[in-house]
Amino acid sequence: MQWTRREFLGSAAAACLAPSAWAQSEKRAPTPPRIIYYNNFASHLLCAYNPNMYYPELPYRWSDEDWRRLVDMIAHFGFNVFEFWLEPRLFCREALGSPVGKEFTRQLNAVIEYAHSRGLQVEMIVAIATVGEKWRTLCPNLADEWREIRFLWDAWIRRFPGLDIAGIFPGDPGACSRNGCTAETYIDKSIEIAALLDQLRPGIGIEFNTWGPPFFGWGNIRMSPDSRGEFVPEDQGTAWTFSRARADRSMNHLLKRLPDFPANTAVSINLGFNGDGNPQGEQDARPWANAIAKTRRILTWDFSLTEGENAVYPHYRFTRLFARRKEERAAAPYSGGICFTMTPMLNQLSLFEAAQSFKDRDGDAHRLAGDFFAKIFGETGRAFVDDYRLFEVIPDWGSYDVTRLPRAEYHKRMGRFVERLEDAKGAVNSGAVLFPDPEKYRQELVFFARLFADLTAPHPDYNALKQLYWNRVYRIYDRLPDHVDPRPRGNTERFVRHFMNWT
Ligand SMILES: [Zn+2]
């Protein structure tokens, strides 16, 4: 079911009442959950299945028509918010005047307009103070740097007149421990930014994000005494350092200051203050989520559920996804949240399942997968579910319940899946709402099924297969200087090593 534009406006108007009205309006008429398609196409997550928004001369660019087909697909799946990250490469003064920044603005405005026509809202998220190609974090406790932060928020929000929601998040990458900055600084300064945005665009939705242990990196990220806010990859992990005292102090501060956020503010908070959002021990965030929910809409920002950020292949992580949705229902009055993707052109099934998981938390993930394949391949497609599940073999962030089979048996079964997919060529429903088109989707599945079969053959040429994978997924990085986050190369190594070690 699609939410109409009128219903959106209605819910926005309701949210403009005094903050305490949020809970009351819920009692009168339930507000639809925000089912957020979050496409992270930042420059360290580029691949063949994600739009390249930064390098006009390199592959994987999407035309406006591609974007419209993507929006059609996610609207069809049940999403009602399209979310993108204005990554630091763009959130800087240089990008404002650059051709890349201008084209990004033009194309995203076209996406916003089309998304509205399909009944979706659009949200832009920004790390409050992390700027530029090298992901430097400015310090809000330095007058000049704070002025620059405010300037950038002001300038970029003006660029997207149709934007419905602005999300403020602490970092990852980036955060500040310089000059006395703490989690409380992040909260206080977010309120000032939110007020600025609300003044520029009265009533705009604000999403304030608690991401991290909580408030990623603020006051706890390691920074050398002479740091000027540079991104130091080996120090990023310290931003996850958990301390009960820090969590209590900062969350109490947030509760105290919640009324100071603009009326139309929602808060993202996971079940737990860790990367997996697990509510374990002292990291249990559920009491805080409930306390916030008394006056504000709360959302989950559980990032790892759908596909994580590492190896790119067709994912099947839905048992955990639906289990988490039920945990959320039991924990606090959540009203939607994100479904992350960095591979919208490959993991369409994950997107479909993720959207459905917010609509029906008791849904049967495997039956839904059967429905998905039946729409594309006809009724015989239902039988693909057991084969497709075989792709999820690598234990990784967000993926713990993986397929474990003897190598020879796995090889045989993947080989059969290749044959089934080849046989399905004539059965493809070209009218299915999918981006890219269903036949292209089938070909991608054939590629990955054959690759996984070859990687588990008796004596694979691992180097040749590694190159094949790289060329298919990551070849764009052959033409780029090393990123501050060299993740694609590490992912490829780990991906192939998994099969080398498989007996
Ligand atoms: Zn600072």
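The values are calculated or read from the model by the stated rules, or taken from the named source; none is laboratory data. Bear in mind the structure is a predicted one, so any value in this text is a computation, not a measurement. Cβ sites come from the backbone with ideal geometry, for glycine too, and all protein chains shown count toward neighbours. SASA here: full protein model, heavy atoms, side chains in, ligands and nucleic acids out. Shrake-Rupley method; radii C 1.70, N 1.55, O 1.52, S 1.80 Å.
Numerical summary
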quantity	calculated
On Cα atoms only, tilt of 143-159 relative to the major axis of the chain in degrees	60 degrees
Segment ALA330-ASP188, length gained on full extension (0.36 nm per residue, minus Cα span)	48.0 nm
Surface per residue (accessible, 1.4 Å probe) for the chain, Å²	38 Å²
The range 364-503: relative contact order in percent, alpha carbon pairs under 8 Å with at least 6 residues between	22 percent
ASN290 versus ASP260: modelled label distance in nm, points set 7 Å from Cα along the beta carbon direction	2.7 nm
Principal-axis tilt of helix 407-423 within the chain, Cα atoms, nearest 10 degrees	90 degrees
R0 of 22 Å, Cβ-Cβ distance THR238-GLU493: FRET efficiency to nearest 0.05	0.35
Dimensions in Å of the range 462-503 - Rg and Dmax from alpha carbons	11.1, 37
Modelled FRET efficiency - R0 22 Å, GLU379 with GLN443, Cβ distances, 0.05 increments	0.55
Tilt relative to the chain, helix 487-500 - C-alpha long axis, 0 to 90 degrees, to 10	40 degrees
Accessible area, probe 1.4 Å, largest first, for residues ASP396, ASP386	ASP386, ASP396
Gain upon complete extension [LEU405, ARG69; 0.36 nm per residue less C-alpha separation]	117.2 nm
Over the range 324-417, relative contact order from alpha-carbon pairs under 8 Å, at least 6 apart, %	16 percent
Exposure ranking of THR238, THR137 by accessible area [1.4 Å probe, largest first]	THR238, THR137
Protection proxy ranking of 247-255, 276-284, 348-356 - average other beta-carbon atoms within 10 Å, highest first	348-356, 247-255, 276-284
Accessible carbon and sulfur surface of the range 422-498 relative to its total accessible area, %, 1.4 Å	49 percent
Relative contact order for the chain, counting Cα pairs under 8 Å that sit 6 or more residues apart, in percent	16 percent
Projected label distance in nm at ALA323 and SER430, using a 7 Å step from Cα toward the beta-carbon	4.3 nm
Under 5 Å, built H, 5+ apart or other chain: amide partners of GLY336	ARG34, THR300
Ranked packing of 429-436, 402-409, most packed first, by mean Cβ within 10 Å	429-436, 402-409
Cα-based convex hull volume of the range 370-486 per residue, rounded to whole Å³	143 Å³
Listed residue pairs exceeding 24 Å between alpha carbons, taken from LYS256/LYS294; LYS326/LYS440; LYS375/LYS440	LYS326/LYS440
Ellipticity estimate at 222 nm from DSSP helix runs (n ≥ 4, -39,500 (n - 2.57)) divided over the chain, nearest 500	-14000 deg cm²/dmol
The range 359-427: translational diffusion in µm²/s, Stokes-Einstein, Kirkwood Rh over Cα pairs, 10 °C, 1.306 mPa s	118 µm²/s
For the chain, radius of gyration divided by Kirkwood radius, i.e. Rg to Rh on alpha-carbons	0.95
Efficiency of FRET from Cβ geometry, TRP146 and GLN467, R₀ 60 Å, rounded to 0.05	0.80
